[in-house]
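Engineer: Would you mind keeping the following structure in view while I ask a few things?
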Amino acid sequence: MDESAAIRLFVPEYIVLARISAVIQSRTTNLGRVQIKGSKIMIKQIMKTNSKQKNALLVMLLSLLIPNVMAQEPKTPTLEDLIPGGATYRSAENLFGLQWWGDECIKPEIEVVFMINPKNGKETPLTTRNIVNKALEAGNHGKLQHFHNVSFPWPKKSLMLISLPDKYIVYDFDYREIISTRPVPKEGVNRDYQPETGHVAYTIGNNLYVDDKAVTNEPQGIVCGQAVHRREFGIKKGTFWSPSGNLLAFYRMDESMVAQYPLVDITAPIAEVNNIRYPMAGMTSHQVKVGIYNPATGKSIYLNAGDPTDRYFTNISWAPDEKSLYLIELNRDQNHAKLCQYNAETGDLMATLFEEENDKYVEPQEPIIFLPWDSSKFIYQSQKDGFSHLYLYDTSGKQLRQLTEGEWLVKEVLGFDAKKKEIIIASTEFSPLQSNLFRVDIKTGARTPLGSGEGVHSGKLSPSGRYLIDQYSSPSVPRSINILDVQSGKSVNLLTAADPFAGYKMPSIETGTIKAADGKTDLYYRLVKPADFDPNKKYPVIVYVYGGPHAQMVTNGWQNGARGWDIYMANKGYILFTVDGRGSDNRGLDFENVTFRQLGIEEGRDQVKGAEFLKSLPYVDGNRIGVHGWSFGGHMTTALLLRYPEIFKVGVAGGPVIDWGYYEVMYGERYMDTPQSNPKGYKECNLKNLAGNLKGHLMIIHDDHDDTCVPQHTLSFMKACIDARTYPDLFIYPCHKHNVSGRDRVHLHEKITRYFEDYL
């Protein structure tokens, strides 16, 4: 039976007529006055007909009007809309690949690459893909698919660097010709091109290459030219070109003494073991050296830093004259750091400029930065006064002055305006929930804000320091991209993105503060309410938690940092709540290290304060509070269900740390010390010891190839629960690492959703 027949059979004419009248009355604006007038006339005519004709005509009219109604009703976003990897994933419009060519802004697109005048925003085409591809094809170099893999590292020269899978090409867009090529094997990764000399460093397997020459020839177990120390201490890569490109510093990591940890590849016909080197807390760690390679001579030296056992080398930087190399050395306890200078020719230690100690930990994150107008002075970033600030030193190691100070922190140094002798930074000075841009006078420390005072900003500074690409979002602005004149403060808008969910049914988002468990510290929270929120109803709540260092969940960015899943669950009738407790990011050293040697304890107490706040709200069902988190948040989720079963009834823990003794050396020992020196802390924070406390519903999700938080955490916890006769649930994602990415991420969030719908 079709829809019309069903209506004719089961719907009396007076109901159909009432529905039509309601449509007309409610949709005056959308249907238009002419349509409405015509519809009313049609109804009068219909009512004069006989009953059989009348019903048929009424049904026809209703069928015409209903699509109009449906088109205007807000849609409810699905997981496919909200989760990265979803088939219809919606995100704010962006301008990808914006960069600087001297003081000209470059906007690469698919077919055209544009130059943008920073004074007025006027766009001028530099070249097209068709033109470039003609030159590439003539040289048998293949074709460009887009301009998102090009860069412009040579100011005032009409040259473009094209990165292809097997080569780098320098292309002159004025003369429409290829200037040079630099082949790179397709298997070469960690590529590092030096524009001054045209040298390129890369790695194949565990060895380092420059151009077509092997720099190292090490056996398995020794890794060269890659990031070390598990990317802690701000380490993001393993090669460091000198300013003029004449020398290359690189890491050499000997991990042959580190125990092999087995991960299992289930895609092979017979499952295979994939071993990784994973140094667990308190165990033997790898040993790192720093080498310097000279492409002109083809020879390398290593810094004479002594025995590398139980030492970390980080924050590598070159002297402007390339005669020496600076780095920060850190002891295994991570409470004593030294800034050291080494001779680039001999590798000998030239000076220890200064040392920094803390009774808990020192955490260097940034290399020193020399003033471009004075090579005898540099900027050092440190938390030594309790907040991350900038200090001016000379090359003798004398502190000249503290450049920034206050109960806020410097997030990033963007560069310098050499002409005005200013440094450009991003900081939390306006709010711990924000990142805003400032210029700072090196001589006086005076700060001048740049751009909008609201939201979370990031920036790219032009080489001269005159202009700044400022990208930000705020609770009401999904994305805004502007070019700022650093000195005048004038702004040219390149993009103000529309709300990607305009016309969709969206929840409301509130922020505020509560007191921490210490009774005095303010904590920021975010509350996401259903779009059809009724204050007279009682709603279940899901607490989304992370809670660990170097992470902040609540911001003054777009939607206050709420995730797509938060939006989805709010639309399903849940309240989503997040509070950044003590131990989390951007609040200073004392705020963070209150958790020292007892990870998860104080953080849990702050989450309980969040739950108490929720229970005080008249529209919250205090008997239906769930919790979800991943990684450190997975630890917190599990811990909250075990330590506070009377509060938290349902939890989904993803990739959880269960036993800090199973976590890696650098991160684990910074915050927990070693199991040998802190046995009490490791015992109290080991969730296996609490397995018997589980009373609610807990599902743990883990990836079988997780090389960050190894599956042993979850599997050992499952055994502890079986031994204790408690019953968590388990779900494994094969072939994923520490999180679930790509298309499977939608499946992950559907899985999490179903668990809360079943049990909360």
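Rule-based calculations on the coordinates, nothing more; no lab input. All values reported here derive from a predicted model rather than from experimental measurement. Here Cβ is always computed from backbone atoms with ideal geometry, including for glycine, and neighbour counts include all displayed protein chains.
Engineer: Please tell me the relative contact order of the stretch 96-183 in percent, rounded to the nearest whole number, where contacts are Cα pairs under 8 Å and at least six residues apart.
Structural biologist: Over the stretch 96-183, the number comes to 21 percent.
Engineer: If you project the alpha carbons of the stretch 192-331 onto their three principal axes, what span does each projection cover, largest first, in Å?
Structural biologist: Cα spread of the stretch 192-331 along its principal axes, largest to smallest: 53, 36, 23 Å.
Engineer: Right, another one. In debye, nearest 20: dipole of the stretch 508-759 around its Cα centre with unit charges on the Cβ of K, R (+) and D, E (-)?
Structural biologist: About 540 debye.
Engineer: At q = 0.06, 0.07, 0.08, 0.09 Å⁻¹, what is the base-10 log of I(q)/I(0) for the chain according to the Debye formula with one equal point scatterer per Cα and no solvent? Please give it to two decimals.
Structural biologist: Each listed q corresponds, in turn, to -0.47, -0.63, -0.81, -1.00.
Engineer: Would you list which aspartates and glutamates come within 17 Å of LYS157, measuring only between C-alpha atoms, while excluding same-chain residues fewer than 8 positions from it?
Structural biologist: Once the sequence-local aspartates and glutamates are set aside, what remains near LYS157 is ASP103, GLU104, ASP172, ASP174, GLU177, GLU196.
Engineer: Going Cα to Cα from LYS338, which aspartates and glutamates come in below 13 Å? Please leave out same-chain ones fewer than 8 positions away.
Structural biologist: Within the straight-line cut-off, LYS338 pairs with GLU329, GLU355, GLU356, GLU357, GLU363.
Engineer: Would you mind checking LYS695/LYS719; LYS156/LYS236; LYS167/LYS460; LYS75/LYS572; LYS649/LYS688; LYS538/LYS572 for any pair whose Cα atoms are more than 22 angstrom apart?
Structural biologist: From LYS695/LYS719; LYS156/LYS236; LYS167/LYS460; LYS75/LYS572; LYS649/LYS688; LYS538/LYS572, over 22 Å: LYS156/LYS236; LYS167/LYS460.
Engineer: Would you mind calculating the relative contact order of the chain from Cα pairs under 8 angstrom and at least 6 residues apart, reporting the percent as a whole number?
Structural biologist: Once divided by the residue count of the chain, the mean separation gives 9 percent.
Engineer: Shifting gears a bit: With a cut-off of 8 Å between alpha carbons and a minimum separation of six or more residues, what is the relative contact order of the stretch 508-759 in percent?
Structural biologist: Here the relative contact order equals 16 percent.
Engineer: Which is farthest toward the positive dipole end of the chain among GLY139, THR511, PRO153, measuring Cα position about the Cα centre, with Cβ charges +1 (Lys, Arg) and -1 (Asp, Glu)?
Structural biologist: THR511
Engineer: Using a cut-off of 13 Å between alpha-carbon atoms, which aspartates and glutamates can reach LYS299, once sequence neighbours fewer than 8 places away in the same chain are excluded?
Structural biologist: GLU345
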